[in-house]
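See below for the structure under consideration.
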Amino acid sequence: MRKVIALLTDFGLEDNFVGIMKGVILRINPAARLVDLSHAIEPQNIREGALALQSAYRYFPRGTIFLAVVDPGVGSARAALIVKSKGYLFLGPDNGILAPVISDEGKVDVYSIANDRYFLKPVSRTFHGRDVFAPVAAHLSLGRHPRQFGRRLHNYRRLPIPEPRVDRGKGSISGEVIDVDRFGNLLTNIRETDLKPSRGKIVAVVKGRTIQGLSLSYAHAKRGELLAVIGSKGYLEISRNLGSAKDLLRTGIGQTVVVRWDR
Amino acid sequence: MRKVIALLTDFGLEDNFVGIMKGVILRINPAARLVDLSHAIEPQNIREGALALQSAYRYFPRGTIFLAVVDPGVGSARAALIVKSKGYLFLGPDNGILAPVISDEGKVDVYSIANDRYFLKPVSRTFHGRDVFAPVAAHLSLGRHPRQFGRRLHNYRRLPIPEPRVDRGKGSISGEVIDVDRFGNLLTNIRETDLKPSRGKIVAVVKGRTIQGLSLSYAHAKRGELLAVIGSKGYLEISRNLGSAKDLLRTGIGQTVVVRWDR
Amino acid sequence: MRKVIALLTDFGLEDNFVGIMKGVILRINPAARLVDLSHAIEPQNIREGALALQSAYRYFPRGTIFLAVVDPGVGSARAALIVKSKGYLFLGPDNGILAPVISDEGKVDVYSIANDRYFLKPVSRTFHGRDVFAPVAAHLSLGRHPRQFGRRLHNYRRLPIPEPRVDRGKGSISGEVIDVDRFGNLLTNIRETDLKPSRGKIVAVVKGRTIQGLSLSYAHAKRGELLAVIGSKGYLEISRNLGSAKDLLRTGIGQTVVVRWDR
């Protein structure tokens, strides 16, 4: 079965960990199609991993199996999960990394990964990506049902993403930077739908700098100028034409961004 | 159709952008073979992307589709191109990134990417790699003709690579460093054919240091010594045995390199 | 033939070198399955490359072809090898990078890579990964026998990995850090079997800090605390709960680690 298995980890590419997981998968299902979603999640940053998975999975073919291993509790008693939604399968530790996709997908069945018949033995205490998640993903890609790996679960971790705060008195909305990409664009938690175009032109304020209106794209601003734009994930981004907003503003994740309306 | 699609971007591997593009492609053509050419092009450095594509594409199978997305003008009015040569298809923004391969391939047909029937909707203003280039590449890999995506174009950007300057009076040639690789080798724009072996042994001068003659390989020099060598791309390189020429000379792209002949 | 070809190099992903090697392979065998083992070996660090290959290859499907190119002597007279074991094929320069797998696999046949009929011509002096190793690996993946590429060899380089030293007088064992991973875990050359549980609880000493006992996993310690654990490769690791042991101890490869027993 030529199922796609997409890998998301905090292992980096400096070591051979990711290569080893691929070896394990291909030994069980030589026809699996392996795609790297990202291996550059900050070590042990579950929230960053959860957001990277949530913003990507919808673009993959139905039937894709996602392996999300950001796992500071590896070797402890934390459960390992298989989440089955209408379109996809997700595997990961029960530490919140799968919580946003569980929330987005709505109707899901969640199973524990417990049947060690499918594990690589001896199971190490430090590398379940290799010994547990990779072989289970490979066996799932051969068509096994999640229930063959463990029992149905009804309690599992949820990870709240901070919601922007609406101040009705001031008529403003206060969000924060939740991610910064390679280009120095500041991704906020303010959604396009929060911006209510009927209320007029927005004004975004970040670190005392004021940005007038939404730009249509990164290129719709003067060279080096700050701009506000709806990014590819549907969230407000603070960006800089031909430059890095992060470097100009010397800021990062957690920075407050306030939007008001200029009527 | 098991066509190869090779990806070249400035997206880096820190984010999930490249993984998302692969998801989009596999959803349209599950049999596409995806190869990363590089995602480490310096952000928005069109010239670096153009050179990385130009020096690599000939090594790929005939029929390979190249996706080259270094696109500071994304969301503006810049056109997007499909270039069809005898052996290959190239996709990218009309900003010069495809100019060297257009020049090298000679006889090409160039089409605009305009038919939004093939785009991912809604088309974002910031991520045409996902919404435009990836789906069009996937549809091309299924056998569609470039003309199904837009009209034939006759005007498109060209990107000049600086030519070395010949000083007939001094009998020397003056080039510059156009790329530096991971090993600290300085790649110049002086071609092997410029070195005219009939004129005798060359002397290369860079930052006041003199290098006598061409070495056969990086290993043909004393430990730590600077050397001149014809690199794998057919250009003169300034290198250092078991070390980094860049670090020793504290220099980089743009550095003048003069060659004269020692008769 | 859908053979797996696994690539290990010190080329990094900043340049297009790895992408070019994949293009060369796919031009010869379009059905080859390419897997990156690692391209982040420190430039010219043969020992690091050898260890990365040794600790990974067993996880791959039988029949996998490994391409290991860390090659400071490229272009000199060093031989290039094909090593055929019962389960695998290994290609690399004869500089010790294949020595640990030769030692682990036991019964192997070693051949030189000499028949330039299979090389990409003209063969450069600086990029045998592209011109020699990639095309030979591709032809091997099509089913050719190693003897078609050169003659049987009986002399080839071996690379000693330092053995931990046992001090019977003091009743202690003295090893060293041989690798540091992305998480700052210090991998030593002390094997699980060296720790002889029958002798009681171990005490590990590194840079004057004392660690009592073995932890079951990274998570089995207080926040920020140093711990000793058997890593996924079967060696003793010095780690830190939710942090980097490397950064805390300001140390790296070569650091002495002493283990004694607390009876």
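Worth pointing out:
- Annotation: of all residues in the range A:46-55 being under 20 Å from A:Leu34 (Cα atoms), assigned to a helix (DSSP H, G or I) and not aliphatic (A, V, I, L, M), the one that is least open to solvent (accessible area, probe 1.4 Å) is A:Gly49.
- Flag if A:Gly208 is touching a residue at least 24 places away in the same chain (Cβ under 8 Å), of a type in the set (Gly, Ala, Ser) and open to solvent by 10 Å² or more (accessible area, probe 1.4 Å): no
- Within the range C:245-257, one or more residues are of a type outside the set (Val, Ile, Thr), over 21 Å from A:Gly129 (Cα atoms) and modelled with pLDDT under 90.
- Test for C:Tyr59: is it more than 7 Å from every other protein chain (Cβ to nearest Cβ), under 20 Å from the mean Cα position of the chain (by Cα) and either open to solvent by 20 Å² or more (accessible area, probe 1.4 Å) or closer than 23 Å to A:Arg33 by Cα (or both): no
- Only one entry in C:Ser85, C:Ser103, C:Ser124 is at pLDDT 95 or above and small (Gly, Ala, Ser), namely C:Ser85.
- Test: C:Ala245 is crowded, with 16+ Cβ neighbours inside 10 Å and within 22 Å of A:Val123 (Cα to Cα): no
- Meets criteria (within 22 Å of B:Ile46 (Cβ to Cβ), in contact with a helix residue (DSSP H, G or I) (Cβ under 9 Å, 6 or more places away or on another chain), within 14 Å of chain C (Cβ to nearest Cβ) and open to solvent by less than 10 Å² (accessible area, probe 1.4 Å)) for B:Leu186: yes
- Matching entry among B:Leu91, B:Leu120 (being surrounded by fewer than 23 Cβ atoms within 10 Å (Cβ to Cβ) and either over 25 Å from the mean Cα position of the chain (by Cα) or farther than 27 Å from A:Glu192 by Cβ (or both)): B:Leu120
- Checking each residue in the range C:4-29 for being more than 16 Å from C:Val69 (Cα to Cα) and modelled with pLDDT of 95 or more picks out C:Val4, C:Gly23, C:Leu26, C:Arg27, C:Ile28, C:Asn29.
- Yes/no for A:Gly23 being open to solvent by less than 20 Å² (accessible area, probe 1.4 Å), of a type outside the set (D, E, K, R) and within 12 Å of another protein chain (Cβ to nearest Cβ): yes
- Checking each residue in the range B:222-251 for being of a type in the set (Gly, Ala, Ser), within 23 Å of B:Asp194 (Cα to Cα) and within 11 Å of another protein chain (Cβ to nearest Cβ) picks out B:Gly231, B:Ser232, B:Gly234, B:Ser239.
- Look at (1) open to solvent by 10 Å² or more (accessible area, probe 1.4 Å); (2) more than 7 Å from chain A (Cβ to nearest Cβ) and you find that B:Val69 fails only one, number (1).
The values are calculated or read from the model by the stated rules, or taken from the named source; none is laboratory data. Because the structure is predicted, anything quoted here is derived from the model rather than measured. So basically every Cβ, Gly included, is an ideal-geometry build from the backbone, and we count neighbours across all protein chains shown. Areas reflect the complete protein model, heavy atoms only, side chains present, ligands, DNA and RNA absent. Shrake-Rupley method; radii C 1.70, N 1.55, O 1.52, S 1.80 Å.
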